[in-house]
C-alpha cells in the first residue's frame with residue numbers, strides 16, 4: 001500500500017513539474033546565436049553584443065557578468081530550475097520559451113497572479129507617445145519631455161489612463177545648479193514610474209502651462225503585452241540618469257526598442273538624446289500616428305479671452321479688479337451670451353490663478369459666484385476653435401553647423417560654428433516655444449592665419465514672455481561662456497562671463513520688446529584674480545514673419561566697483577528661413593571694450609541636423 005501511494009505521489013509530482021517547468025526540447029537555434037538576437041539584447045538594454053547593459057541595478061540580472069551570453073545561459077538554467085522566476089522576468093521567459101520550443105511558452109494568470117492583477121489594473125489596449133512642450137523654469141524640462149500613456153478601451157476619457165515616465169530621483173532640497181551638475185555627471189539614479197495620466201496633465205497643462213502633444217503608437221496585441229511584461233521587469237530598477245544622453249527621451253526610446261527590435265532605434269542617440277529628435281525618429285520610422293493637441297490652461301485662457309468682444313474683455317478686467325461688478329446694473333444689462341462669455345473666461349482665469357498662487361477666500365467666493373451665475377444661463381455657446389501652434393516635429397532639428405564670413409576690427413576671416421542644442425531667438429520658431437532661447441555648447445572658431453575661439457557658449461537661456469491683460473510673466477536670462485573682445489586695433493582678449501538678468505517683455509509673440517536688468521561677472525587674461533562685477537542692462541526688439549526673424553539687441557555693463565571696465569554692444573541681426581533645416585543669417589554689431597570701439601559683421605549659412 002505504501003509503495004502504491006509513493007508511486008502515485010511521484011507520478012502526480014512529475015506531471016505537475018512537466019507543466020510548470022520548461023521542457024528540454026531541442027532549440028531551433030544554438031544559445032550562442034540566440035544571445036546575439038536583437039530582441040534579447042533590447043530586453044537586457046544592451047546596445048552592442050560585445051558590450052554590457054546600460055542598466056546599473058543588480059536586481060535586473062541573473063548573472064554577475066551582465067553580458068548577453070552570461071545572462072542567456074543564466075536565464076535558461078534558472079528558468080528550468082526555478083519555475084517561479086518566470087514571474088520576475090516574464091518578457092525574457094516568453095521570448096526564450098518561443099525560441100527554445102518550450103512547451104509552456106506563455107505565462108498564465110494562475111502561474112503569476114500578482115503580475116496579471118497589475119496588468120488588469122492598467123488594462124492597456126494601445127500606447128501613445130506623449131510630448132509636453134519645453135518648460136523654461138525647470139532645467140530638466142527645458143528641452144521638452146517624453147513619456148508613454150497606456151491607453152484603455154475608454155477612448156472618451158483618456159485622463160483615466162496610466163502613464164509611464166522615466167526621471168531622475170532628485171532630492172527635494174537640490175537647487176537647479178545642483179541638478180545640472182549631478183544630471184550631467186550621472187549623479188542621480190533614475191527609475192520608471194507609473195502614475196495616472198490626469199496627474200501628468202495637471203502637472204504639465206495646468207501648473208507648468210505646457211502644451212501637450214499625444215501621438216498614438218502603431219502596436220498590436222503582442223507588442224502591447226511585451227511592453228507590459230518588460231515594464232514589470234523594470235519595476236523599482238535603478239538606471240543612472242544623464243541629462244544629455246541617457247535621459248527621459250532615451251529611456252522611453254529604449255522601451256520602444258523592446259517592442260520594435262528589428263529597428264535600430266538607439267544607435268543615433270549615443271551621446272546625445274534631445275526629446276524632439278527622439279520624437280522625430282519615431283515619426284521617420286512610422287511608429288506613431290498624427291498627434292492630438294492638448295492645450296495648456298494658459299493657452300486656453302488666452303484663446304478664450306482673445307475671442308471676446310472688446311466690451312466683454314472690458315468686463316472681464318473690471319470684475320477681476322472688483323468682484324462687486326458682477327451684480328452691477330450695467331453688467332446685468334448685457335445679453336445672456338455676453339454674460340456667459342464673461343463667466344466662462346473668468347472661470348478659466350480663476351483656474352489659472354489657483355494653479356499659480358493657490359487658493360484664497362476671495363478667489364473661492366468669486367468661484368462660487370461665477371458658478372451660480374453661469375448656471376442660470378441656458379443659452380448654448382458656440383464652440384471656440386482653439387488656435388493650434390505648429391506641431392513640434394515641424395520645427396528645425398536641434399544640432400546646428402554654420403559657415404560664416406566675418407569682418408571684424410578691420411580684419412576678415414572664415415568662421416566655423418557648431419551648436420549641440422537647441423534653439424536661439426533668431427532661429428525659425430515654428431514648432432518651438434516663442435521667445436525662448438536654449439543653447440548648449442555653441443562654439444565659433446575664426447580661421448585665417450591662426451585659428452582662434454571667437455565664442456564659446458556653455459549655456460544660454462532666455463525666456464521672453466510678453467505681458468498681456470491677464471498675465472504678467474517674468475522674463476529672464478542666464479548665460480555662461482566666453483567671447484573674444486578687442487582692447488585695441490591689434491590686441492584682443494577672450495573674456496569669460498557669467499550673466500543673469502530679470503525683467504519684462506511687452507508686445508506679442510510676433511513682435512516683442514524686452515527690458516532685462518542684472519549682474520554680469522567677467523574675467524580676462526589681463527584682469528586680476530578676482531572677476532569684475534558689472535551692473536548690466538539688456539534692451540531689445542524681436543520680430544518674425546514667414547520669411548525670417550529680426551532682432552535688435554543692446555547691452556551695456558559697467559563695473560560696480562567704479563573701475564575702468566565698461567562694456568557695450570548694439571547688434572542688428574536677420575535670419576532668413578531658407579527651409580526647415582537651413583537659414584542665411586546676417587549679424588551686424590558695434591561693440592566697445594572701455595573706450596575702444598570696433599565693428600563686427602558676419603554673413604553665414606546655417607544647417608540644422
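No value in this document is a laboratory result; all are computed from the given coordinates. For clarity, every value in this text was computed on a predicted model and none was experimentally measured. So basically every Cβ, Gly included, is an ideal-geometry build from the backbone, and we count neighbours across all protein chains shown.
Which value does Rg/Rh take for the stretch 123-294 over its C-alpha atoms, Rh per Kirkwood? Expressed as Rg/Rh, it is 0.94. Once the Cα atoms of helix 2-20 and of the chain are each reduced to a long axis, what angle between those two axes, in degrees from 0 to 90 to the nearest 10, is obtained? Helix 2-20 and the main axis of the chain meet at about 30 degrees.
Could you work out the helix-only [θ] at 222 nm for the chain, with each DSSP H run of four or more residues adding -39,500 (n - 2.57) and the total divided by the number of residues, to the nearest 500 deg cm²/dmol? Write out the running numbers ahead of the final one.
Details: 16 runs with 176 residues, N = 609.
Computed mean residue ellipticity for the chain: -8500 deg cm²/dmol.
For the chain, the longest principal axis of the C-alpha atoms and the axis of helix 248-259 are separated by about 30°.
What is the distance in Å between the Cα centroid of the stretch 260-293 and that of the stretch 57-129? Using only Cα atoms to place each centre, the spacing works out to 26 Å.
Note on the stretch 51-178: semi-axes of the ellipsoid equivalent to its C-alpha gyration tensor, largest first and rounded to whole Å, are 34, 24, 13. You can think of it this way: the chain between residue 105 and residue 607 has 175.6 nm of extra reach, that is 0.36 nm per residue less the Cα-Cα gap.
Given the peptides 119-126, 258-265, arrange them by the average over their residues of other C-beta atoms within 10 Å, most packed first. Let's see the in-between values first.
On the way: 119-126: 15.0, 258-265: 17.4.
Most protected by this proxy first, the peptides run 258-265, 119-126.
Of the three principal axes defined by the Cα atoms of the stretch 346-486, the extents in descending order read 79, 31, 24 Å. Could you give the distance between the Cα centres of the stretch 186-244 and the stretch 532-548, to the whole Å? Between the Cα centre of the stretch 186-244 and that of the stretch 532-548, the gap is 37 Å. Simple spin-label estimate for residue 52 and residue 478 gives 3.4 nm between the two label positions (7 Å along the Cα-to-Cβ direction from each Cα). Principal axis extents of the C-alpha atoms in the chain (largest first, rounded to whole Å): 110, 79, 43.
Mind running the shape call on the stretch 308-375? Use the C-alpha gyration tensor, a ≥ b ≥ c as the square roots of the eigenvalues: rounded below 1.5 for a/c, prolate if a/b tops b/c, oblate otherwise. Since a/c reaches 1.5 and a/b is larger than b/c, the shape of the stretch 308-375 is classed as prolate.
Packing-wise, with mean Cβ within 10 Å as the measure, how do 106-113, 42-49, 334-341 rank, highest first? Before the final figure, lay out each step's value.
Details: 106-113: 13.8, 42-49: 19.6, 334-341: 16.5.
Ranked from most to least packed, the peptides come out as 42-49, 334-341, 106-113.
Remark: spin-label model distance residue 494-residue 160 equals 6.1 nm, labels positioned 7 Å along the Cα→Cβ axis.
Potential lengthening of the chain between residue 595 and residue 293 amounts to 103.4 nm, from the contour at 0.36 nm per residue minus the alpha-carbon distance.
Quick check for you: which residues of the stretch 124-168 have the amide N under 12 Å from the point 7 Å beyond the Cα of residue 174 toward its beta carbon? Counting only backbone N, you get 139-140, 167-168. The angle between the Cα long axis of helix 90-99 and the main principal axis of the chain comes to about 60°, on a 0 to 90 degree scale.
Each peptide in 363-376, 282-295 was scored by the mean count of other Cβ atoms within 10 Å over its residues; highest first, the order is 282-295, 363-376. Across the alpha-carbon atoms of the stretch 395-608, the computed radius of gyration and Dmax are 17.0, 56 angstrom. Name the residues of the stretch 456-500 whose amide N is less than 13 Å from a point 7 angstrom out from the Cα of residue 443 along the C-beta direction? From the stretch 456-500, the list is 456-458.
Averaging 1/r over every pair of different alpha carbons in the stretch 525-609 and inverting the result gives a Kirkwood radius of 15.0 Å.
Each label was represented as a point 7 Å from its Cα along the Cα-to-Cβ direction; for residue 379 and residue 401 these points are 6.2 nm apart. Full extension of the chain between residue 65 and residue 410 gives 118.0 nm of extra length, using 0.36 nm per residue less the Cα-Cα distance.
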